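Notes follow the structure.
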Amino acid sequence: MIYLDYAATTPLDERVFEAMLPFLKPDGLHANPASSHGPGFRARAAVERARGEVAALIGAEASEIVWTSGATESNNLALKGALEFRGMPAAGRAVHIVTARTEHKCVLDTCRHLETLGVRVTYLKPDRNGVVTPEQVLAAITPDTALVSLMWVNNEIGAVQDIARLAPQLRERGILLHVDAAQAAGKVKIDLRSVPVDLMSLSGHKLYGPKGVGALFVRRKPRARLAPQMHGGGHEQGMRSGTLATHQVVGMGAAFAIAAADFEADVAHISGLRDALWQRLRDLPGVHRNGPDGSAEQPLAPHVLNLSFEGVEGESLRASLADVAVSSGSACSSATAEPSYVLRALGHDDELANASLRFSFGRRTRLDEVEQVAVKVRQQLQWLRELSPLWKP
Amino acid sequence: METLAETQAAAANPFNYGTQIWALFRLAPRAGRFPPATPGVVLGKAGTPAAHSVLSLALQIDDGEVVDARFQAYGCPTSIAVGAWIADWAIGKRVAELAALTATRLRNELEIPDERAHCALLGEDALRAVVALMKQEPL
């Protein structure tokens, strides 16, 4: 099995595993990091060190990092928490959010939930490459707009939004900017000292850390205020109660420290593999690259290659590549499931959106694996097209 | 070096398709078309591209009996397996036997689950199209 689904999740880095181990052993550092005694202080020191490591990758202060269970929770906390703090819609008070149709489901679903509570949401349509321009966002703003939520890097097609250009314009207008950076951290340069994002969601397991831990960056100057969505012991500056999972937090910190140290090498490695696969498939007829092409005008995250294949049905395409783990735009088990909403939002027709594959590359991917996958894709595509009564070469 | 068919047959079935469906999808015996001008070929089609399933069934008839068969399919693995199964089963059959094959029997033979029932109907429809032509023009 060749694993090319790093955008879905990454394996734990061996060094991260080693960093976590002392916190998992029964005779190890098991104390509650909120406890006021020696072992508790040691656990807390580990948590705070990890907080600093996560902050360092994105140019933030340690005190601006709130631990969560993952990017889904971070996105929920950012959107619901910010609106609740600022005041939800009421008689005489309208509240408006701007986001994009290609956001992750957890942002879209949270927005839909907020709509049921009276919030008005604008879902911007990106261009054919998945890009929403700052001008488009500004044009959608109304006097009631409280918050804009945009992802830095799209998980399906790798489109990169121009957050650096958008953020100062929202700051000038006093509108909060939340950025889902689950796919961006460690893949594109992020420096929040110069980019005035207010809230930013991060995930541990997208970057060789453990699953079940994430973080929300909450800016201190100017203070981005949130109403907690998890009530309890007042942990995490009152924004997210619950005993911290020390081992997970330490793992995410170690993962982010490695990502910072290895940034250039990681990006060069994975973008090289992405380009190598495309070079080996681009001459095939009826193969389309979805999303930006990676040129200076169309920035692209280094780890994603999304392709649509004419003349084949998506489920059979995926099934024919049974020994390659990739994500598919096709229905998984149901005859009625819809093809990728992201590709549809980009204006692709259903048939091409259905016959699409997202290849994503990581630290452990080797060039010979990419070469093998290219051969398999070529073979299976040819076989399925020969099988099809519709394919006209 | 192993052939494509061997590679495909050996591939694991991580998506849990039925055993027979997986084997027929991976090997697709009798896939393809007859060469142009092959005598006695009757071609039936069913399905639409919009529904992500098209099955084309070509039976070669000699003296009222199927002597050879080919199929082509655009669709999910189950619909491809249905085409392969019918093409194989049809050999040696006469029109009355072909007309008697139902979607229910296809579902039983191939252990097609409820949510894939439409694939069996696709097979039945393609075969019926062939049978209708055979009745019009006995070969």
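None of the figures in this text is laboratory data; all of them are computed from the coordinates on show. As the structure is a computational prediction, the values presented were derived from the model and not from experiment. Every residue, glycine as well, gets a Cβ built from its backbone with ideal geometry; the counts of neighbours run over all protein chains shown.
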Each label sits 7 Å from Cα toward the beta-carbon; between B:A12 and A:E135 the label points are separated, in nm, by 5.1
Each label sits 7 Å from Cα toward the beta-carbon; between B:A99 and A:D262 the label points are separated, in nm, by 6.9
With Cα coordinates, the longest principal axis of chain A makes an angle with the long axis of helix A:38-58, in degrees rounded to 10, of 50
Calculated from DSSP helices alone, with each H run of at least 4 adding -39500 (n - 2.57) and the total divided by the residues of chain B, [θ]222 nm to the nearest 500 comes to -13500 deg cm²/dmol
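Which of A:E73, A:E351, A:E18 has the fewest other C-beta atoms within 10 Å, and how do the rest follow up to the most? Show your work: numbers first, answer last.
Details: A:E73 22, A:E351 19, A:E18 12.
In increasing order of surrounding Cβ atoms, one gets A:E18, A:E351, A:E73.
For the stretch A:131-278, what percent of Cα pairs sit more than 23 Å apart? Write down the numbers at each step before the final one.
Details: 4846 of 10878 pairs.
The calculated P(r) of the stretch A:131-278 puts 45 percent of pairs beyond 23 Å.
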Going fewest to most other Cβ atoms within 10 Å around each Cβ, B:D114, A:D262 line up as B:D114, A:D262
Of the listed links A:K125/A:K189; A:K105/B:K45; A:K187/A:K376; A:K206/A:K392; A:K80/A:K206; A:K25/A:K105, those spanning more than 29 angstrom between alpha carbons are A:K105/B:K45; A:K206/A:K392; A:K25/A:K105
Relative to chain A, whose Cα atoms define the longest principal axis, helix A:105-116 and its Cα axis are tilted in degrees, nearest 10, by 60
Between the Cα axis of helix A:246-261 and the main Cα principal axis of chain A, the angle (0 to 90°, nearest 10) is 60
Counting as exposed only trypsin sites (Lys or Arg not before Pro) in DSSP loop states with no more than 15 other Cβ atoms inside 10 Å, the longest exposed-site-free span of chain A is A:1-127
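So what is the calculated 222 nm ellipticity per residue for chain A, using -39500 (n - 2.57) for each DSSP H run with n of 4 or more, over all residues, to the nearest 500 deg cm²/dmol? Can you show the working numbers first?
Details: 12 runs with 147 residues, N = 393.
Result for chain A: -11500 deg cm²/dmol, rounded to the nearest 500.
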Computed on Cα atoms only, the convex hull of the stretch A:185-227 has an orientation-averaged projected area in nm² of 3.7
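Tell me, B:T38, A:T246, A:T122 in order of fewest to most beta-carbon neighbours within 10 Å?
Values: B:T38 12, A:T246 24, A:T122 18.
Ranked by crowding around the Cβ, least crowded first: B:T38, A:T122, A:T246.
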A convex hull over the alpha carbons of chain A yields, per residue, a volume in Å³ of 149
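Hey, with R₀ at 60 Å, roughly what FRET efficiency would A:Q372 and A:H37 work out to, going by the Cβ-Cβ distance, to 0.05?
Values: r = 54 Å, r/R0 = 0.91.
Efficiency, rounded to the nearest 0.05: 0.65.
Can you list the GluC sites (Glu not before Pro) in the stretch B:1-83 that are in a DSSP coil and have 12 or fewer other beta carbons within 10 angstrom?
On the way: sites: B:E2, B:E6, B:E65; in loops: B:E2.
When the GluC sites (Glu not before Pro) of the stretch B:1-83 are filtered for loop state and at most 12 Cβ neighbours within 10 Å, B:E2 remain.
Grab the other residues whose beta carbon is less than 12 angstrom from that of B:G47, score K and R as +1, D and E as -1, and report the net. Present the calculation step by step, with values, prior to reporting the outcome.
Details: positive: B:K45; negative: A:E313, B:E124, B:D125.
Counting the neighbours of B:G47, the net charge comes to -2.
Determine the equivalent ellipsoid of the stretch A:1-109 by diagonalising the alpha-carbon gyration tensor, then write out the semi-axes as square roots of 5 times the eigenvalues, largest first, rounded to whole Å. Walk me through the numbers before you get to the answer.
On the way: eigenvalues 230, 106, 30 Å².
Each semi-axis is √(5λ); the values are 34, 23, 12 Å.
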Scoring chain A by relative contact order with C-alpha pairs under 8 Å, at least six apart, yields a percentage of 22
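Between B:N108 and B:L4, what is the FRET efficiency for a Förster distance of 25 Å, r being their Cβ-Cβ separation, to the nearest 0.05? All intermediate terms of the calculation are to be shown ahead of the outcome.
Working: r = 31 Å, r/R0 = 1.22.
Efficiency, from the Cβ-Cβ distance: 0.25.
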Amide H contacts under 5 Å for A:A227, restricted to residues at least 5 apart in sequence or on another chain and with H modeled in the peptide plane, are A:A82, A:E84, A:F85
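Given contacts defined as C-alpha pairs under 8 Å and at least six residues apart, what's the relative contact order of the stretch A:240-388, whole-number percent?
Working: 171 pairs, mean separation 41.3, N = 149.
That works out to 28 percent.
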Those helices of chain B passing the 15 Å axial Cα length cut-off and the mean Kyte-Doolittle cut-off of -1.0 (DSSP H runs only) are B:77-90, B:117-136
